Structures are given as structure tokens and as C-alpha cells.
Amino acid sequence: IRKVKKYVCENEDCKQHQFVEHFEDCIQPYQQRSKRLTYMILSIATLTSFHGAEKLWELSGIKISDSTIRSMILNLKFPDDSNVEKIGVDDVANRKGQTYFTVVYALDDHRLLAILDGRDGKELYKWLEKHPKVNLVCRDRASAYSSTIKKWAAAHDCKVTEIADRFHLIQNCIHNISKHCSAWLPYRIAIIEEDGGITITDNSIPNKVASAKVEKPTEEQLNSFAQKYDNSPIDKDGNPIELELPLPDSSGSRLEDTEMVPEEQPVAIDTRDPPPNQPSSSISKDEPPTIEQKKKDKLDRLMLDIYERVDPNLPLKPQYKALADEFDLKAEEVGRYYRIKKAEVNETKMADSAHQAEEEAASAQQKRNEEYELACRIRAELDRSRPLKPQYEAMAEKYGIDKQTVSRYCRMNPEGLEAIRNPPPEPEPKERKPKKKKIDDFAYIIYKMLADNIDIGAIFWFVKGLGCTLVDESLIKHILVIYRIVYPQGNVPDAKDYLELSYPPGVHVFSRCAIMKYFMTVNPNTSKDSTLAKYEKEILKQFPSILKMRNIFTEFHSAIMGDDPIAINRFIENNKNGPLEGFCKSLIQDIEAIKNAIIYEYSSGFVEGGNSLFKMIKSIHRGRMKLKTLIPMCLYASFCSKKDFDLNDIAPWLDKTA
């Protein structure tokens, strides 16, 4: 509204001489936005985020910052209805496993009343102190809330009806039954049909086999391929095909994309030899070091200090960060200096190892020469006209060697004697010829067909028809490897698009969860697994206790979903000494709330629905919103869904004159 009428009062006794035209229907005094626009801004911010709402309104031609939207949310004042009588209580996670909130909802209109810190019941007790008319609470099986409500009711000498949620009760029963069944029902069972009989086992369950799921071409297409393609290494233009296949083996091992990633090259400092007439060392007796030499020496000392203080057996990034704070550097610089010094040290070690190898070779040659001289001396002292064995023993004792060694020296021919000093070079290992692979007879066919843009499925069936004995999974993966060679710049299709995993024919594998779901389903309108229905009798014959567990669950389900509260007493009496003994004890401790769940029509469904809205808002902000901002966001999302909602009720700043 660009032009606003201004009025002047002609009454001299009036305190206010000027009046401005009012627009009460659309704009409140002192406001720059209409009430409807403010309502839309807040609603969009609730369903997106502060920054996202800013960008959306910018596209609509309205300039408003995210900080302004946040201030609008934080300045909302939500009325606290102290006369509320029926509520629902539950806990929600801010960070799962770490921090939790307690949420309170009104039963009549399902609006959010409060978000309390923690779930131990302490904050709930304080909230109940401010709402003394509460007389009915819907909750789950949380014992903290139950004890808090009982404690508050006893302190105020009032009666509060607690209603346990039927859904959670049934889930608790299923959990206890599953826990009992895990002791005797295997995690997986296999039903195998063979030789006209059925075998149920949990041992030696066969693995799934990958089979192709590609459409088979017609016989005419396959015949046309046979006339056009062969396995010769020559393309259709007569040019030779160079095909080096980095193929997997024929056993069908999985392919891994091993792209060559260049190693990170450290940024080296200038280590070139100094020019003539300039000393290589930074410290000279005749000439003082230059500024550049001082900087280089300082950098060398810094790199050496970093290298000595970094432990390569521990994570490097935290060490880089700590040293960066200490030396007033960036973590990237610390990492670069460490890699440079590490490269220099490794180079020095390599030079030392090469020098050591040379010394070891010289030492070995010296030992061979000494051994040659000793052999010649022994052969010269040997008198072959006398008995040899006594001479061997005497010379062995004289020179401190074994008599077998003396005998060997004396029996050597001239070539063997020379081999002691100059051993012959070791023969080079023979090159092994590459083993022929099953794909070699079809590799060029696949290459040519891919070059002609033939579908992978058609190539698969054509090669299969030529007598390829590779399994489906291996053949598909070989084709995709050749595809990468033909189209190096293209996107290689995923093998999963052409393969499916399935058990061999006649083998059906079921998990414990699937079996329990089948036998514990009591709703006749719920569809069941047809394969399990086929083998139901065999499974019950193998595991007869399943039938007992099904009867127990059916009895409990009928009691909870019925209208007779005494039925739950009969269930407890029938099963208190059975496999669900612990579950029955927990029911006895909460028996009043469970009976109320049977008597009343109320449940915690509206609480779970409100929790879903809370989780959506939290996920929109990626769980980073503080509780100070999260509470008004969730309260606003709950309040604005009411039919009689008026923004003035929670935004007093819309009317500053009030």
C-alpha cells in the first residue's frame, strides 16, 4: 500500500492532531506484512527450513531473511491450557540413544501441548503440577511415566485413568514369543524337494545362484548373428583387433573397479645443487649464510621436528591438526612437510640399503675366495696312496670343518672347484604361458557385437548358443569388461541389471521372522505367503511348538482387542507358569492400565501421529535445531492445524497497540 491517507484534527483541544488511515482487515498497525503473508511465511518455514523459506520467498519477489523468520518463530506465544483433562504421553528421540524428549498431546483435538526435556518423568511431574485437572492419560508401556502419574495422583489425592496402548501390548507379546522361539526355531530353514519327498533342514542351506534376466532374441536374429560374427581378431574393415582382457576367472568372482589413482606428489622444496663457488651448506666458515639459506635451514628443522613427532601407527589427521595448532600452521602444510621428510628419509634408507647390499656382496665373495683357497690346500695335502678316511678326519680336526666337507673338496673335479670361487649365474625363470580361459573362444565375437551396438542380452544368448560353458554371472561380467574396452569413455552398465539371485529349483528358504509372521497373523483379511501355506503341515510337524505359540498369541490378541477385561486375567492365569512367565509378570504390574485399554476406545494412535510430525520437522533441519527453536516450530505446526486457528492468538507482536 503505497498511499495512505492522513487526517488532521481541527479541534485544538485534542491531544492527537494527526490521524492515519487504518487497514485492520489486512494489516495490523506498525506491521510491514499482512497477517495472511505472515501466516504463510511461518507455515512454509515449518515445512522447509529458515534458509529454504528465505530462498522460496525470494523467488516470489518477497525479501525476508532467515534470521527474521527465526525471530518470528521465537516470538510466538502459545497459550497453556491449564484445564486440559485428557492427554497422551510418549517419548521421542532428539539423538537416538543419547538424548530424548517427553511430548504431551491433547486427546480432544490432538494438538501438541508441551515438549519436555528427558524421559525419566521428572519434567512430566512438574508439568502435571500446572495442569491439575488431568484425569486420563494414554501412554505406552514405559514404566517411568506410569510411576510418575501414580506418584502425582497420590500426592494430590485424585484419580487418573491410565490407558495402555493396545498396539504396544501386542508388540510386547510378539517380542516375547519371538525371544522364546529363538531357542528352538532356527534363524533360517530350507525346504528342499527332491526324489518326490520334502526335507526341512537348517544346515547346508544352498547359496543363491546368479542367473541372467535378459530377454532371449528370436531364432532369426541368432542365425543372422552366426552368419555375421566370428572369433577372428579382425574387424569388419580388415583391421586387426588388439584385445587384452583383464578378465575375471571363470568361477564368477566379483568385479571391482580398480581405477588407477595417481599417488599424491609432495610439494618439494628447492634442493638443487648450489652454483659454482657457492658452498652447499648453509653454514660456512668463510662466508655468512644468506637469508634464503637461513629460511631453508629453518624449514628443514621444522620438517624434521614434524617427522619425528608424527607416529605413523596412529591416525594422521588428528596429529596433523595438533601440530598445526602448535606450530601455527595449517593441517595441510603439516601433512605436506611430513610427506616430504618421509620421502627424503626413505631415499636415504634406500641408498644405505644399496650400499649395504654392495658390502654384503663383497663379503660373500671374500668368503668364497677363502673357501676356494682352503679346498686347494686340502687337496694339496691329501696323499691318495694312503687310506683316505683317516686323512679326512685329521684334516677336519685341523681346519675345524666337517669330514664330509673335506671329502667333498677332495672328490671335486676342476670345474666344481672353480665353481666355489665363481659360481654360475642363476638361470632366469621361464615365462609361463597364460592359461587359456573359457572366454577366449568368444572374446572377439563379443567385441565385434558390442562395437555394432548389439544389446547385451542378445550377445549373452548368442554366446550361450555357441556352446559357452561359463555360468551366467561370469559370462555377463566378461561381457561388461569387454564393454569397458570398447567404450572406455562410456558408462558401464551395472551387472545387477542383467542378473538376479535365486535359489536352485526345488529349494525354498524362509527366515524365522517370515515363519513367525505367517503363523502369528490372525486377521483373515491379511494376505499370507502362499509358499509357506503349501508347506504349513510339514513345518508344524518339524516344529510342533509353533502351534502352541500361535494359540497363545491368538488368546492374547482376542483378550486385548475384545471388550471383556476379565479375559486378560484368564490369559495370565493360563500362561503365568509357561514360556511367557516374564511377560505375564509385566502384565500384572500394569494390569489396571491394560484393562482400561480393553474398556475404553482410546489409544495412543494420535500420539504416534504427532510424533511423526515432530520427526518430519526435525529431519527437515537435519537434527541440528536447538530445543529452544524446535519447541515453537512443533507447537506452531500443531496449532495451525486447528479449525479455529487465529494467528493473533499466538503472535501478540502482530498488534502492538494491544
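The values are calculated or read from the model by the stated rules, or taken from the named source; none is laboratory data. As the structure is a computational prediction, the values presented were derived from the model and not from experiment. Counting neighbours? That spans all protein chains shown, and the Cβs are built from the backbone with ideal geometry, glycine included. When the accessible area is computed, the model is the full protein with side chains, heavy atoms only, and any ligands, DNA or RNA have been set aside. Shrake-Rupley method; radii C 1.70, N 1.55, O 1.52, S 1.80 Å.
At a glance:
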read-out: Any hit, segment 96-108, residues being open to solvent by 70 Å² or more (accessible area, probe 1.4 Å) and outside any loop (DSSP other than H, G, I, E, B); value: no
read-out: Enumerated strands (runs of 3 or more DSSP E) restricted to segment 150-235, each holding at least 1 residues that are touching a helix residue (DSSP H, G or I) at 6+ places or on another chain (Cβ under 7 Å), among the small types (Gly, Ala, Ser) and surrounded by fewer than 17 Cβ atoms within 10 Å (Cβ to Cβ); value: 209-212
read-out: Residues located in segment 169-201, provided they are touching a residue at least 60 places away in the same chain (Cβ under 8 Å), within 13 Å of MET549 (Cβ to Cβ) and not aromatic (Phe, Trp, Tyr); value: CYS173, ILE174, ASN176, ILE177, SER178, HIS180, CYS181, SER182, LEU185
read-out: Failed item, numbered, when LYS448 is tested on (1) open to solvent by 80 Å² or more (accessible area, probe 1.4 Å); (2) out of contact with any strand residue (DSSP E or B) (no Cβ under 8 Å at 6 or more places or on another chain); value: (1)
read-out: Any chance GLY582 is open to solvent by less than 90 Å² (accessible area, probe 1.4 Å) and modelled with pLDDT under 90; value: no
read-out: Residue match in segment 471-482 (condition: assigned to a helix (DSSP H, G or I), in contact with a Gly (Cβ under 9 Å, 6 or more places away or on another chain) and under 22 Å from LYS236 (Cβ atoms)); value: no
read-out: In segment 527-542, the residues that are open to solvent by less than 70 Å² (accessible area, probe 1.4 Å) and either more than 18 Å from GLU193 (Cα to Cα) or not hydrophobic (A, V, I, L, M, F, W, C) (or both); value: ASP529, THR531, TYR535, GLU536, GLU538
read-out: Subset of segment 287-304 (residues that are outside any loop (DSSP other than H, G, I, E, B) and loosely packed, with under 15 Cβ neighbours inside 10 Å); value: ILE291, GLU292, LYS294, LYS295, ASP297, LYS298, LEU299, ARG301, LEU304
read-out: Segment 462-479, residues that are crowded, with 18+ Cβ neighbours inside 10 Å and among the hydrophobic types (A, V, I, L, M, F, W, C); value: PHE462, VAL463, CYS468, LEU470, LEU475, ILE476, ILE479
read-out: So ASN453, is it modelled with pLDDT of 85 or more, more than 30 Å from GLN227 (Cα to Cα) and open to solvent by 80 Å² or more (accessible area, probe 1.4 Å); value: no
read-out: Among residues of segment 601-623, those that are polar (S, T, N, Q), within 10 Å of TYR105 (Cβ to Cβ) and assigned to a helix (DSSP H, G or I), counted; value: 1
read-out: Residue satisfying all of: in segment 41-80; touching a Leu at 6+ places or on another chain (Cβ under 9 Å) and loosely packed, with under 15 Cβ neighbours inside 10 Å; nearest to ALA114 (Cα to Cα) among these; value: ASP80
